[in-house]
Amino acid sequence: MPPAGSKRTFHASELAAIAQRYSIRLDSPEEVCFEWAMMPLDSAGVLQAMRESLQSPGAQIEITETSLAKVPPGRLEFPLAMLGRPASLPQKDPALWRGQVIYGGDHQFNVWAKVWIKIACQRTVAAEALKIGLPIAPEQFRVEQGECFPSRENLGLTPPVSPLGMVAVRAIAAGAEIHPEFLALPNDVNRGDAVQVEVRSGGAHLAFVAKAETGGRSGDLIAVRNPSTNKIFRARIQGKDQVLVQTEFEGPGQ
């Protein structure tokens, strides 16, 4: 069979050749056309497929638009992995959810729908305005019952992210929901911190205290200033306020 949405025509000469190849007798072969029967996308079927993926009783789903192309008969699927994120949170615009019709065994015909979705969830909200880059303390957030756009966290597919000890990567207003994408791990070194520098050069080791000119987390390269020479060099963060310089040359600024 041809792919859904297209036709495959066998002319009389082709059919005669095929029949001869398989020792089949055709008295008067005629042209034959094959195509999949196509039908409009069924909104009720789309809704059912979405509910099966969400596995969230009571989920509120409003379909605002679907793909207009006709589809072959088959099984509708809307995988959670294909559910797009809203352009802004909370959801102010419909989200795009891509799916497919499985037909003819393992063939796929792509479809899509725009949806509003709300599910019951626990929301983590800011108890006070949170500033960028500052570790979040227990009294600065609270957990409450509410309605959310579905995510891997609130569907129980991945462990929820606690803001405790994390830092905000954007300003978060008091009462606003704290989403995982608003958070990051705190730096192991911040600009202006005193850091313990270890220099390794062959078999020689040197240690001294310097000042971080940039910040980062373990494994990052940052700029560090030697207090005795005022020269800046690059070092790799090894842990909290610890950096390493490994070279076959003399130590930086020495």
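The values are calculated or read from the model by the stated rules, or taken from the named source; none is laboratory data. Note that this is a predicted model, so its numbers are computed, not measured. Counting neighbours? That spans all protein chains shown, and the Cβs are built from the backbone with ideal geometry, glycine included.
Pairs meeting the criteria (first residue in region 101-129 and in the same structural domain as CYS148 (by TED's automatic domain parsing), second residue in a strand (DSSP E or B) and of a type in the set (Lys, Arg), beta carbons under 9 Å, at least 6 apart or on different chains) are THR124/ARG142; VAL125/ARG142; ALA126/ARG142; ALA127/ARG142. Which ones in region 143-173 are under 14 Å from CYS121 (Cα atoms) and charged (D, E, K, R)? Those that are under 14 Å from CYS121 (Cα atoms) and charged (D, E, K, R): GLU144, GLU147, ARG152, GLU153. Within region 41-74, the set of residues being exposed (fewer than 11 other Cβ atoms within 10 Å of the Cβ) and assigned to a loop (DSSP other than H, G, I, E, B) comprises PRO57, GLY58, LEU68.
How do the strands (runs of 3 or more DSSP E) wholly within region 173-254 filter down when requiring 2 or more residues that are charged (D, E, K, R): which remain? Spell out how you get there, then give the answer.
Details: elements: 194-201, 204-212, 221-225, 232-239, 242-246.
The strands (runs of 3 or more DSSP E) meeting that bar are 194-201, 232-239.
The set of residues in region 209-225 that are of a type outside the set (Gly, Ala, Ser) and modelled with pLDDT of 95 or more comprises VAL209, LYS211, GLU213, THR214, ASP220, LEU221, ILE222, VAL224, ARG225.
Please determine, by comparing only the residues of region 48-83 that are closer than 27 Å to THR158 by Cβ and of a type in the set (Asp, Glu), which one is farthest from the chain's Cα centre (by Cα). Going through the qualifying residues, I end up with GLU62. Against the list (1) surrounded by fewer than 16 Cβ atoms within 10 Å (Cβ to Cβ); (2) more than 24 Å from ALA59 (Cα to Cα); (3) not β-branched (Val, Ile, Thr), the condition PRO159 fails is (2).
When the residues of region 122-156 are filtered to those that are under 13 Å from ILE172 (Cβ atoms) and among the polar types (S, T, N, Q), the one that is surrounded by the fewest Cβ atoms within 10 Å (Cβ to Cβ) is GLN140. Look at GLY203 and say whether it is within 34 Å of the chain's Cα centre (by Cα) and either surrounded by 14 or more Cβ atoms within 10 Å (Cβ to Cβ) or within 16 Å of GLN246 (Cα to Cα) (or both). So GLY203 does not fit the description; no.
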